[in-house]
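A short write-up of the structure that comes next.
Computed from the coordinates by the stated procedures, all read-outs in this text should not be read as laboratory data. These numbers were taken from a predicted model, which means no experiment stands behind them. Reconstructed Cβ throughout: ideal geometry from the backbone, glycine too, with neighbour counts over all protein chains shown.
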Amino acid sequence: MTTSSPTPEQPLIHVVRGNPTEEELAAVVAVLTEAYVAEEESAVAEEPTVSAWQRTQRGIRTPLRRDIPWGRFHG
């Protein structure tokens, strides 16, 4: 089974070998969906802690460009 343009309601499934029935494809989609939902619920991303020092510190200055003459003093 191959679809030309998958939508969020209709996932793209490409069967490499065999000829599965509609019920078998529905079972595969149900199992994969359930596994994805379970993994998404259990996934926990750690929030980075930012100290007061990190919040207030200034970024690193870019290096001076020596190729651009400064004012009228250039040689």
Compute the distance in nm between two label points, each set 7 Å from the Cα along the Cα-to-Cβ direction, one at V37 and one at L25.
2.2 nm
Using only Cα atoms, figure out Rg for segment 23-75 and give it as a multiple of 2.2 N^0.38 Å.
2.80
Give the calculated FRET efficiency between T49 and W70 to the nearest 0.05, with a Förster radius of 35 Å applied to their Cβ-Cβ distance.
0.25
